[in-house]
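To start, the structure itself, in structure tokens.
The values are calculated or read from the model by the stated rules, or taken from the named source; none is laboratory data. Not measured: the values here are computed from a predicted model. Because the Cβ atoms are built from the backbone with ideal geometry, glycine has one as well, and the counts that use them run over all protein chains shown. For accessibility, only protein heavy atoms count, side chains too; no ligands or nucleic acids. Shrake-Rupley method; radii C 1.70, N 1.55, O 1.52, S 1.80 Å.
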Amino acid sequence: MTLTIVVGAQWGDEGKGRIVDLLATKSDIVARYYGGDNAGHTVTVGGEIFKLHLLPSGVVHPHSIGLLGNGMVINPATLLDEMERVRKAGLEINPDRIKISHAAHIITPGHIALDGAREAARGENMIGTTKRGIGPAYNSKVTRSGLRMEDMLDPEAFKEAVYLHIKSVNHQLEKLFGADVLDAAAISKQYQIYAEKLSPYIIEVGEFADQALKKGSIILAEGAQGTLLDLDHGTYPFVTSSTPTAPGALVGLGLGIGSANRVVGVVKAFQTRVGEGPFPTELDGDLAVCLRGTGENDWDEFGTTTGRPRRVGWLDIVLLRYAVRLNGISELALTKLDILSGLESINLCTKYRIGDKITPTLPLGPSNLEGVEAIFEDLPGWKDDLTSIRTWQDLPEAARGYISRIEDLLNVPVKIISVGPERSQVIQR
Ligand code: IMP
């Protein structure tokens, strides 16, 4: 059995795509298990750069099979568009290569309209969602009124179901939010066409994955978002509506406990966050600009899905301790170490001060971060450019010191270090 789960250990955008890309070279199957097109992974296909939102990013490796698990919420328009774009760039996209769970839920324009209306109604307390309809689609799921991929297998009946769903959403849009209503007839017709196109891809993904594991295939489960955005365990209510943490890979793919034997936690060498919510190590001013970049480069800290500038700060070990525990992280992949080059010193938050108490862990989880004060260790920085370094020994002493300190504080080895945006700019230990 070899199921590796790659999980974001922070607020998403840790650079999981890079690590998945590396690990996918040795995987037979790559899978997304939760979330929807709120995620965005930048990949290169045939020399062209793509932002994949729904397909597992490992599918850029032609030998792999891509799974979209039952935990996902799928916007069929985005998925078909994505499939078409990567097909044009030379990737083989067919039902032998891409398989979608019959139990994944479907996002409609109704969910997207509700996402916008609910955010507007929250006013100052808005979540800062990606407005992709994620929350409302999961809302439909838990209220047992959602549309599932298996409904697409009967396109005529599906059209009717979509029509009724949009009618019901329209009622809410009009009566609760005073918002514009949607054209139920046009949307349901369009969704019937999507159903005809996607039907051949729909299978029981859990059974497929289980059989594959039994035959000795290697599966790579790609987490989207990050630990602190987990609906149960994140900075509630400033979270996404799903389970990006590692246990979600089992539920979201339909695999049993004990299937996973490796959990790679991806950690950016500093901290970033998009959207609202507390952020104890947040920086502003010149230092923030230095870590964020100006947006000119693909790797600068601006949202892949929304283009919003990300908030930035120092690495937070208190939150990472929590992520290690919650996900059962067995090894770490540290990304964007090169961005820290040139700093005189680097701060590492190891504890919090809460009132008159100092604590290395979170007394009540990360939803209670308001007012906590980060306590920092001050570590020496380094001047050297790291982007052409490929071995641990060649890293400047201060960079090795920074990583070793992270390992000591978390008691988990850092096995992969990325030092630039290119595939080759990586150090493996
Ligand atoms: P939603 O998932 O669109 O409902 O957004 C809820 C929160 O999760 C917002 O703060 C988003 O900015 C954040 N979020 C959702 N997806 C991602 C992601 O892929 N990376 C980083 N933040 C995300």
Checklist entry - Given a cut-off of under 8 Å on Cα pairs at least six residues apart, what relative contact order in percent is computed for segment 209-344? => result 26 percent
Next on the checklist: When only alpha-carbon atoms are used, what values of Rg and Dmax, in angstrom, describe segment 136-291?
Outcome noted: 20.5, 58
Checklist entry - Using θ = phi - 60° and the Karplus curve 6.51 cos²θ - 1.76 cosθ + 1.60, what whole-Hz ³J(HN,Hα) does each residue of segment 333-343 get, with Gly and Pro shown as x? => result 10, 9, 10, 6, 4, 4, 5, 7, 4, x, 8
Item to check | Rounded D (µm²/s) - segment 349-410, Kirkwood Rh over Cα pairs, Stokes-Einstein at 25 °C, 0.890 mPa s | outcome: 175 µm²/s
Checklist entry - Using alpha carbon centroids, what distance separates segment 344-393 and segment 72-130, in Å? => result 35 Å
Checklist outcome for this item: The alpha-carbon pair-distance distribution computed for segment 260-304, with 10 angstrom bins and whole-percent values, is 21, 48, 21, 9, 0
Next on the checklist: Explain nothing, just compute: Karplus ³J(HN,Hα) = 6.51 cos²θ - 1.76 cosθ + 1.60, θ = phi - 60°, for every residue of segment 121-133 in order, whole Hz, x for Gly and Pro.
Outcome noted: 5, 6, x, 4, 8, 4, 7, x, 5, 7, 6, 9, x
Checklist entry - Convex hull volume of the Cα atoms in segment 196-285, per residue, in Å³? => result 162 Å³
Checklist entry - With no solvent and one point per C-alpha, what does the Debye sum give as log10 I(q)/I(0) for segment 1-148 at q = 0.17 Å⁻¹? => result -1.00
Checklist entry - Using a probe of 1.4 angstrom, how much of the accessible area of segment 1-90 is carbon and sulfur, in percent? => result 51 percent
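Hey, what D do you get for segment 287-427 in µm²/s if you plug the Kirkwood alpha-carbon radius into Stokes-Einstein at 37 °C and 0.692 mPa s?
Value of D from the Cα-based Kirkwood radius: 199 µm²/s.
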Checklist outcome for this item: Within the set L364, L337, L23, GNM on the chain using Cα springs under 10 Å gives the largest fluctuation to L364
Next on the checklist: Return the equivalent ellipsoid semi-axes of segment 91-141 as a descending list in whole Å, where each equals the square root of 5 times an eigenvalue of the C-alpha gyration tensor.
Outcome noted: 30, 12, 8
Checklist entry - Any idea what % of Cα-Cα pairs in segment 114-224 are farther than 24 Å? => result 42 percent
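How fast does segment 55-136 diffuse by Stokes-Einstein, in µm²/s, taking the Kirkwood radius from C-alpha pairs at 20 °C and 1.002 mPa s? Before the final figure, lay out the partial values.
Working: Rh = 14.3 Å.
Calculated translational D: 150 µm²/s.
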Checklist entry - Using r as the Cβ-Cβ distance of A120 and V142, and R0 as 22 Å, what FRET efficiency do you calculate, to the nearest 0.05? => result 0.45
Item to check | For segment 380-425: rounded, prolate or oblate by the Cα gyration tensor [a/c cutoff 1.5] | outcome: oblate
Checklist entry - Where is the GNM fluctuation largest for the chain (alpha-carbon springs, 10 angstrom cutoff): G226, G216, G265? => result G216
Checklist outcome for this item: Per residue convex hull volume, Cα only, segment 22-69, in Å³ is 67 Å³
Checklist entry - Between the helical axis of 184-198 and the dominant principal axis of the chain, each derived from Cα atoms, what acute angle in degrees is found, rounded to the nearest 10? => result 70 degrees
Checklist entry - If you wrap a convex hull around the C-alpha atoms of the chain and split its volume per residue, what is the figure in Å³? => result 142 Å³
Checklist entry - Which residue, G252, G12, G371, tops the fluctuation ranking in a GNM of the chain built on C-alpha contacts under 10 Å? => result G371
Checklist outcome for this item: Rh_Kirkwood(segment 1-86) over Cα pairs, Å, one decimal, evaluates to 13.2 Å
Checklist entry - Sorted by mean Cβ packing within 10 Å, highest first, what order do the peptides 139-149, 32-42, 169-179, 107-117 take? => result 32-42, 107-117, 139-149, 169-179
Checklist outcome for this item: So the angle from the long Cα axis of helix 76-88 to the longest Cα principal axis of the chain, reported in degrees to the nearest 10, equals 70 degrees
Checklist entry - Based on DSSP H runs of at least 4 residues, each adding -39500 (n - 2.57), what is the mean residue ellipticity at 222 nm of the chain after dividing by all its residues, to the nearest 500 deg cm²/dmol? => result -9500 deg cm²/dmol
Checklist outcome for this item: Contact order relative to length for the chain, counting C-alpha pairs under 8 Å separated by 6 or more residues, stands in percent at 20 percent
Checklist outcome for this item: Sequence order, segment 204-216: Karplus ³J(HN,Hα) from phi using 6.51 cos²θ - 1.76 cosθ + 1.60, θ = phi - 60°, Hz rounded, Gly and Pro as x, gives 8, 5, x, 5, 4, 5, 4, 4, 4, 4, 5, 7, x
